[in-house]
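Report on one structure; see the data block that follows.
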Amino acid sequence: MLEGNWIRERITHALGRWKVSLADAEDLAQSAIAELFDDRYRRWDPVKTPELFDDLANRVRGLASNARRDRRHRVMVDAVTGRVRNRRE
């Protein structure tokens, strides 16, 4: 869990319009931090984004966007009919 109100405030501000719970914001922040140390993801470019927190905020917003898109496209199987349907039906 992230400690300190200033971290929570900055994460909440970075997510802005995404309306996620604090627990989800913390999960997204931890995932973004993990990406920094994983060679499968892009590296932080201090020339392009001098502030590390700005890079993390961009990653958090990207992860939130991906999660939102994935939820929209998830399909459900009707328990009674076995019919596959989109969540919006």
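Annotations
- Of all residues in region 20-55, those satisfying the criterion of being of a type in the set (A, V, I, L, M) and without any contact (Cβ under 8 Å) to a residue 40 or more places away in the chain are LEU22, ALA23, ALA25, LEU28, ALA29, ALA32, ILE33, ALA34, LEU36, VAL47, LEU52.
- THR49 being of a type in the set (S, T, N, Q), touching a Leu at 6+ places or on another chain (Cβ under 8 Å) and at pLDDT 65 or above: no
- Filtered residues of region 21-68 (kept if more than 11 Å from ILE11 (Cα to Cα) and among the aromatic types (Phe, Trp, Tyr)): PHE37, TYR41, TRP44
- Checklist (1) modelled with pLDDT of 70 or more; (2) part of a helix (DSSP H, G or I) applied to ARG71, failing item: (1)
- Yes/no for ASP38 being assigned to a loop (DSSP other than H, G, I, E, B), exposed (fewer than 14 other Cβ atoms within 10 Å of the Cβ) and of a type outside the set (Lys, Arg): yes
The values are calculated or read from the model by the stated rules, or taken from the named source; none is laboratory data. Here the structure is a predicted model, which is why all the values come from computation and not from measurement. So basically every Cβ, Gly included, is an ideal-geometry build from the backbone, and we count neighbours across all protein chains shown.
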